1. Test residue 146 against the criterion of being farther than 30 Å from residue 327 by Cβ, at pLDDT 95 or above and either part of a strand (DSSP E or B) or within 11 Å of the ligand (Cβ to nearest atom) (or both), and give yes or no.
2. Could you give me the residue pairs with C-beta distances under 9 Å whose first residue belongs to region 160-175 and is free of Cβ contacts under 8 Å to residues at least 24 places away in the same chain, whose second residue is of a type in the set (Phe, Trp, Tyr) wherever it lies, and which are 6+ apart or on separate chains?
3. Can you confirm whether residue 352 is surrounded by fewer than 22 Cβ atoms within 10 Å (Cβ to Cβ), in contact (Cβ under 8 Å) with a residue 12 or more places away in the chain and among the hydroxyl-bearing types (Ser, Thr, Tyr)?
4. Whether any residue in region 73-94 is away from the ligand (no atom under 15 Å from the Cβ) and polar (S, T, N, Q) is what I want to check.
5. If residue 54 satisfies all but one of (1) free of Cβ contacts under 8 Å to residues at least 60 places away in the same chain; (2) within 21 Å of the chain's Cα centre (by Cα); (3) more than 15 Å from the ligand (Cβ to nearest atom); (4) surrounded by 19 or more Cβ atoms within 10 Å (Cβ to Cβ), what's the number of the condition it fails?
6. Within the bounds of region 244-254, is there any residue that is assigned to a loop (DSSP other than H, G, I, E, B) and within 16 Å of the ligand (Cβ to nearest atom)?
7. Being part of a helix (DSSP H, G or I) and either away from the ligand (no atom under 14 Å from the Cβ) or touching a Lys or Arg at 6+ places or on another chain (Cβ under 7 Å) (or both) narrows it down to one residue among 104, 136; which is it?
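The values are calculated or read from the model by the stated rules, or taken from the named source; none is laboratory data. Model, not experiment: these values are computed from the prediction. All Cβ positions, glycine included, derive from the backbone under ideal geometry; neighbour counts span all protein chains shown.
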Amino acid sequence: MKIAMVGSGYVGLVSGACFADFGHEVVCIDKDQAKIDRLREGAMPIYEPGLEGLVEANVDAGRLSFTTDLAEGIRGAQAIFIAVGTPSRRGDGHADLSYVHAVAREVGEALEHEAVVVTKSTVPVGTGDEVERIIAESGCGHRVVVVSNPEFLREGAAIDDFKRPDRIVIGTEDAVGREVMGEVYRPLFLNQSPILYVSRRSAELIKYAANAFLATKITFINEMADLCEKVGADVQDVARGIGMDNRIGAKFLHAGPGYGGSCFPKDTLALLKIAEDFDSPVRIVEAVVKANESRKRAMGRKVLEALGGAEAARGRKVALLGLTFKPNTDDMRDSPAIAVARALTDAGVQVTAYDPEGMEQAGPLMPEVAMAADPYAAIEGADAVAIVTEWDAFRALDLKRVKDLARAAVLVDLRNIYRPEDVRAAGFTYFSIGRD
Ligand SMILES: NC(=O)c1ccc[n+]([C@@H]2O[C@H](COP(=O)([O-])OP(=O)(O)OC[C@H]3O[C@@H](n4cnc5c(N)ncnc54)[C@H](O)[C@@H]3O)[C@@H](O)[C@H]2O)c1
């Protein structure tokens, strides 16, 4: 089957490469000429483990190609996926649908045959109706079925998530839509991945509900961590104790500096706006958004406290280890590290940082932060070291070397990746989240 993927970012590129790997003929389209040029040269525009090899193998096999020309890319495609960004609209937090609408218009104007148009971007309820209307109004004389197929992959584990999903959600009540989508995902169906057929609106809402629920779980354990600090309990034990209950589950119960990334912050905000528009408030999610926002900067204050308070911290040096919102990605969108660094530099602290993949993206977002070539270079002369993202590279730091290089042996572990007794035995003053 020929598939067109409009938008070749994290989701479009990974989905396109995986569909090609299933044996489909895939054209990835993007209006960013530089991105397409890089892809044609075999260079990846993003860091995602395993992606480069997957793209290369499928390009070599003649199943995957790249273009900026949408009309050419969608020619003959039975399924045309929309995988462009839906960021928060400036000022009000609604999902900005301008990219999705622009693609619908371009597809409607260029399409020369019947096709299924699939919205993979995360979009508010009712967007499928709007995409359908725009395509019809663009003068497209062919039958077009619009389907919702939200994506649940996680950056850093995207290929595995795509190929072994917990479920595939397909939102359509149209027989042709079901048939074409069944064909698109046949290899996964044969692998027994559950496929859930629902209405288009249900599919659209499932994506927001899933992200809001996960963001709630993270925020819940973060607040439990604060409570643990006050009452003298250990949040790791509390998380384990509740996570062993199958009704709760152990995942997303790791206390930390707050959720960030390209999805949870914007999707929780967008859900609030959808709920407001339909006069059906989601108060739990309102509280989650508020708690998470204030938490990120509070983590900066935690580092200041480790330095003896804001007054004592002025002019001191902090090494931040990890900047991306999670490990194994170079994505800096809404990373808690931005707020942590800002809280520190606002207090007159000199910040030096190191991240294995995120420094190029982080640089412009934190101009007052100096970037170091490796973790130990960042640590040199530091009055405190703060672990912000749990990259594997930081899990086994040479603590003796850290102590020799730093001016003071103070470790603030915002991801709880060390055991307090180990770090203290190495002579450090140790601060973590929700533990003694
Ligand atoms: N990143 C994730 O982990 C993730 C996971 C699940 C769902 N999503 C959702 O998937 C969607 C895409 O996210 P992303 O992270 O891949 O975004 P991204 O910003 O990485 O990529 C979007 C791409 O679309 C391109 N684009 C924009 N307008 C275009 C047009 N008219 N024609 C062709 N290309 C165009 C951009 O140049 C860009 O390369 C969003 O709705 C997001 O919420 C993302």
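1. Yes, satisfied.
2. 161/152
3. yes
4. Yes, some residue in region 73-94 is away from the ligand (no atom under 15 Å from the Cβ) and polar (S, T, N, Q).
5. It is condition (1) that residue 54 fails.
6. Looking only at region 244-254, we keep the residues that are assigned to a loop (DSSP other than H, G, I, E, B), and these are 244-254.
Cutting the leftovers down to within 16 Å of the ligand (Cβ to nearest atom) gives us 252.
Scanning region 244-254, I find at least one residue that is assigned to a loop (DSSP other than H, G, I, E, B) and within 16 Å of the ligand (Cβ to nearest atom), so the answer is yes.
7. Numbers: 104 fails: either away from the ligand (no atom under 14 Å from the Cβ) or touching a Lys or Arg at 6+ places or on another chain (Cβ under 7 Å) (or both).
Selected residue: 136, the only one of 104, 136 that is part of a helix (DSSP H, G or I) and either away from the ligand (no atom under 14 Å from the Cβ) or touching a Lys or Arg at 6+ places or on another chain (Cβ under 7 Å) (or both).
Yes/no matrix, rows are residues, columns are (1) among the aromatic types (Phe, Trp, Tyr); (2) touching a strand residue (DSSP E or B) at 6+ places or on another chain (Cβ under 9 Å):
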{"site": "4", "(1), (2)": "no, yes"}
{"site": "19", "(1), (2)": "yes, yes"}
{"site": "23", "(1), (2)": "no, no"}
{"site": "39", "(1), (2)": "no, yes"}
{"site": "74", "(1), (2)": "no, yes"}
{"site": "81", "(1), (2)": "yes, yes"}
{"site": "84", "(1), (2)": "no, yes"}
